[in-house]
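Here is the structure we will look at, set down as structure tokens.
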Amino acid sequence: QKEVEQNSGPLSVPEGAIASLNCTYSDRVSQSFFWYRQYSGKSPELIMSIYSNGDKEDGRFTAQLNKASQYVSLLIRDSQPSDSATYLCAVQSSGGSYIPTFGRGTSLIVHP
Amino acid sequence: DGGITQSPKYLFRKEGQNVTLSCEQNLNHDAMYWYRQDPGQGLRLIYYSQIVNDFQKGDIAEGYSVSREKKESFPLTVTSAQKNPTAFYLCASSNPGLSGEQFFGPGTRLTVL
């Protein structure tokens, strides 16, 4: 059974701070990793994808991947109240049907 | 504009009725998916299809049915056999493969009265 674990939160950070969201996964052959943002009552929106070890930056977002530790994280710099949402981690393996496994998400609250 | 549409946005059903949720995409994606999300829960896969005229059961297929007659369309029927159908239903599409990010429609919120 492939598992993707996230702390449900809520993670509360002040405006302007760095928010750090973490995700661990159980399947060692996982190859693709995605972060989605989901506002309350809305559908998930893809914000980052990462496929190799290291960091990938896109604007205020940085995804970090460590396959040896089976760990992927999302950093949000200069957090804004509009970043308040649930962040879903998804992990996809190379074998089989390429169906991603989603974590339950971490709720982030950015307070002014 | 390319994207995924789902209709209706809100749906109310009486117990014992079948209802069909629509999902259409114009992204030219081969694969389409249906997920269910309950409050405070993650996404649970109901059915997926990686090619026209073929589909596979996901983790919670009981009480649901799908069809994939066209590449653009993947409707989901919630049957009366689904004991607890009240949930948020999400349709997604992607191109299969390791870099196949999924893109989601706006969702349908189904309530059983």
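The values are calculated or read from the model by the stated rules, or taken from the named source; none is laboratory data. Worth saying up front: this structure is predicted, and the values here are computed from it rather than measured. Neighbour counts are summed over all protein chains in view; Cβ atoms, including those assigned to glycine, are modelled from backbone coordinates with ideal geometry.
A quick yes/no check of all residues on (1) surrounded by fewer than 16 Cβ atoms within 10 Å (Cβ to Cβ); (2) at the interface with chain A (Cβ under 10 Å from one of its Cβ atoms); (3) in a loop (DSSP other than H, G, I, E, B):
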site: B:GLU15; (1), (2), (3): yes, no, yes
site: B:SER22; (1), (2), (3): yes, no, no
site: B:ARG36; (1), (2), (3): no, no, no
site: B:GLN41; (1), (2), (3): yes, yes, yes
site: B:SER49; (1), (2), (3): no, no, no
site: B:ARG68; (1), (2), (3): no, no, yes
site: B:LYS83; (1), (2), (3): yes, no, yes
site: B:ALA92; (1), (2), (3): no, yes, no
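Being of a type in the set (Ser, Thr, Tyr) and either under 13 Å from B:ASP30 (Cβ atoms) or in a strand (DSSP E or B) (or both) is the filter; apply it to the stretch B:70-81 and report the residue that is nearest to the other protein chains (Cβ to nearest Cβ).
B:SER73
Between B:PHE88, B:PHE55, which is within 14 Å of chain A (Cβ to nearest Cβ), within 11 Å of the chain's Cα centre (by Cα) and not in a loop (DSSP other than H, G, I, E, B)?
Going through B:PHE88, B:PHE55 in turn, just one is within 14 Å of chain A (Cβ to nearest Cβ), within 11 Å of the chain's Cα centre (by Cα) and not in a loop (DSSP other than H, G, I, E, B): B:PHE88.
Could you grab me the full set of residues in the stretch B:94-113 that are in a loop (DSSP other than H, G, I, E, B), within 14 Å of chain A (Cβ to nearest Cβ) and of a type outside the set (S, T, N, Q)?
Result: B:PRO96, B:GLY97, B:LEU98, B:GLY100, B:GLU101, B:GLY105, B:PRO106, B:GLY107.
If you check B:ALA61 against the conditions, is it more than 14 Å from chain A (Cβ to nearest Cβ), farther than 10 Å from B:MET32 by Cβ, free of Cβ contacts under 8 Å to residues at least 60 places away in the same chain and assigned to a loop (DSSP other than H, G, I, E, B)?
No; evaluated as a whole, the condition is false for this residue.
So, of the residues in the stretch A:84-112 that are out of contact with any Pro (no Cβ under 9 Å at 6 or more places or on another chain) and aliphatic (A, V, I, L, M), which turns out to be nearest to the other protein chains (Cβ to nearest Cβ)?
Across the stretch A:84-112, the extreme among qualifying residues is A:ILE99.
Select the strands (runs of 3 or more DSSP E) contained entirely in the stretch A:11-87, then report the ones holding at least 2 residues which are at pLDDT 95 or above, farther than 24 Å from A:ILE99 by Cβ and among the acidic types (Asp, Glu).
Here the list reads A:54-58.
Taking the stretch A:5-64, which residues are under 18 Å from A:PRO81 (Cα atoms), more than 14 Å from the chain's Cα centre (by Cα) and either polar (S, T, N, Q) or within 11 Å of chain B (Cβ to nearest Cβ) (or both)?
Selection gives A:SER12, A:SER40, A:GLY41, A:LYS42.
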